[in-house]
Amino acid sequence: MKIKIHNDVWKVKLVDANAKKMNPDPNSYNFGLTEYKELLISIMDGRSESVTRSTLIHELVHAFLFSYGHTVEGEEAMCDFFGVHGDEIIDLTDQIIERWGDRCLQSKK
Ligand SMILES: [Zn+2]
């Protein structure tokens, strides 16, 4: 499917676990790959939902950094961090904001 991040239209697709481009190096094993030139995010098919989610978040952080022109020190660590904890951080934020509902709206006035 296609997604828009800032001014870029990215393609996100599930790819076969045996696809060579996913793991050209026998010493590494990647579940996801972001190709900036092609604006293409590839996610390995057939993983568990939690692995697929964290891989997708990881690659999306790369894509967001690229499309918004950010350069950060330790990008890989940042992507790993959000990949593992992003869902939980957003879940907790949603829970807290929901609890605070009215007060948040009032403070905007
Ligand atoms: Zn990465």
Cross-chain or 6+ apart pairs with Cβ under 8 Å, the stretch 6-32 first and in a loop (DSSP other than H, G, I, E, B), then more than 16 Å from the ligand (Cβ to nearest atom): 6/68; 16/45; 17/45; 17/46
Qualifying residue in the stretch 59-68 (condition: in contact with a helix residue (DSSP H, G or I) (Cβ under 7 Å, 6 or more places away or on another chain) and away from the ligand (no atom under 11 Å from the Cβ)): no
Filtered residues of the stretch 18-40 (kept if surrounded by 12 or more Cβ atoms within 10 Å (Cβ to Cβ) and within 23 Å of residue 2 (Cβ to Cβ)): 19, 22, 30, 31, 32, 33, 34, 35, 36, 39, 40
Qualifying residue in the stretch 65-76 (condition: in contact (Cβ under 8 Å) with a residue 60 or more places away in the chain, under 18 Å from residue 9 (Cα atoms) and open to solvent by less than 70 Å² (accessible area, probe 1.4 Å)): yes
Any hit, the stretch 82-103, residues being within 11 Å of the ligand (Cβ to nearest atom), surrounded by 17 or more Cβ atoms within 10 Å (Cβ to Cβ) and assigned to a helix (DSSP H, G or I): yes
Hey, residue 19 of a type in the set (Gly, Ala, Ser) and either touching an Asp or Glu at 6+ places or on another chain (Cβ under 7 Å) or within 12 Å of the ligand (Cβ to nearest atom) (or both) or not: no
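For (1) under 15 Å from the mean Cα position of the chain (by Cα); (2) more than 19 Å from residue 66 (Cα to Cα); (3) at pLDDT 95 or above, each residue gets a yes or a no:
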| site | (1), (2), (3) |
| --- | --- |
| 2 | yes, no, yes |
| 7 | no, no, yes |
| 10 | yes, no, yes |
| 17 | no, yes, no |
| 21 | no, yes, no |
| 26 | no, yes, no |
| 33 | yes, no, yes |
| 46 | no, yes, no |
Residues that are modelled with pLDDT under 95 and closer than 21 Å to residue 4 by Cα, drawn from the stretch 71-82: 71
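The values are calculated or read from the model by the stated rules, or taken from the named source; none is laboratory data. All values reported here derive from a predicted model rather than from experimental measurement. Glycine also receives a Cβ, built like all others from the backbone with ideal geometry; neighbour counts cover every protein chain displayed. All accessible areas refer to the heavy atoms of the entire protein, side chains included, with ligands and DNA or RNA removed. Shrake-Rupley method; radii C 1.70, N 1.55, O 1.52, S 1.80 Å.
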